[in-house]
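Working notes, structure below.
Derivation of every value follows stated rules applied to the coordinates shown; laboratory data play no part. Computed from a predicted structure; not experimentally measured. Every residue, glycine among them, receives a Cβ derived from its backbone with ideal geometry; neighbour counts consider all protein chains shown.
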Amino acid sequence: MGLVAALLVALLVAGCAARGEIEVLNDDLTDQLEIKKLKSRLVGGLTQGQLRVRNKSKKPQSFQVKFIWFDSQGFQIDNEAASWLPVMLQGREEKTVQAVAPNDSAKTYKVLIR
């Protein structure tokens, strides 16, 4: 009985959470930024991705973020409306950046930072 319950919990968790990953395209930013949290949820049937980032430096830091969405088979979803979001962090500041999937077929995502 315990095995069945564990499998049901695993299936429930897997069905509710979208996975995300991060790719930093500018090596200089890896020393300046700390990724605090990457999480997701369903909002009205659409996946919402959220990134919490902190400036490790005392100096202001600007960069751009873009969310790329993928379907359940790992194929990228074309989204012409997706654009780079400018982000400005003051010294030691933390900020949340988020985006909502373009349609309900988006199950996973990648956050690009440059």
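Taking region 68-114 as the range and being closer than 21 Å to D31 by Cβ, more than 16 Å from the chain's Cα centre (by Cα) and not aliphatic (A, V, I, L, M) as the test, the residues that pass are Q90, G91, R92, E93. Considering region 29-41, the residues that are over 13 Å from Q98 (Cα atoms) and touching a residue at least 12 places away in the same chain (Cβ under 8 Å) include one that is surrounded by the most Cβ atoms within 10 Å (Cβ to Cβ), namely L33. Applying the criterion of being without any contact (Cβ under 8 Å) to a residue 40 or more places away in the chain and of a type in the set (S, T, N, Q) to the residues of region 82-103, the residue that is surrounded by the fewest Cβ atoms within 10 Å (Cβ to Cβ) is S83. Of the residues making up region 42-81, those that are in a loop (DSSP other than H, G, I, E, B), surrounded by 15 or more Cβ atoms within 10 Å (Cβ to Cβ) and hydrophobic (A, V, I, L, M, F, W, C) number 1.
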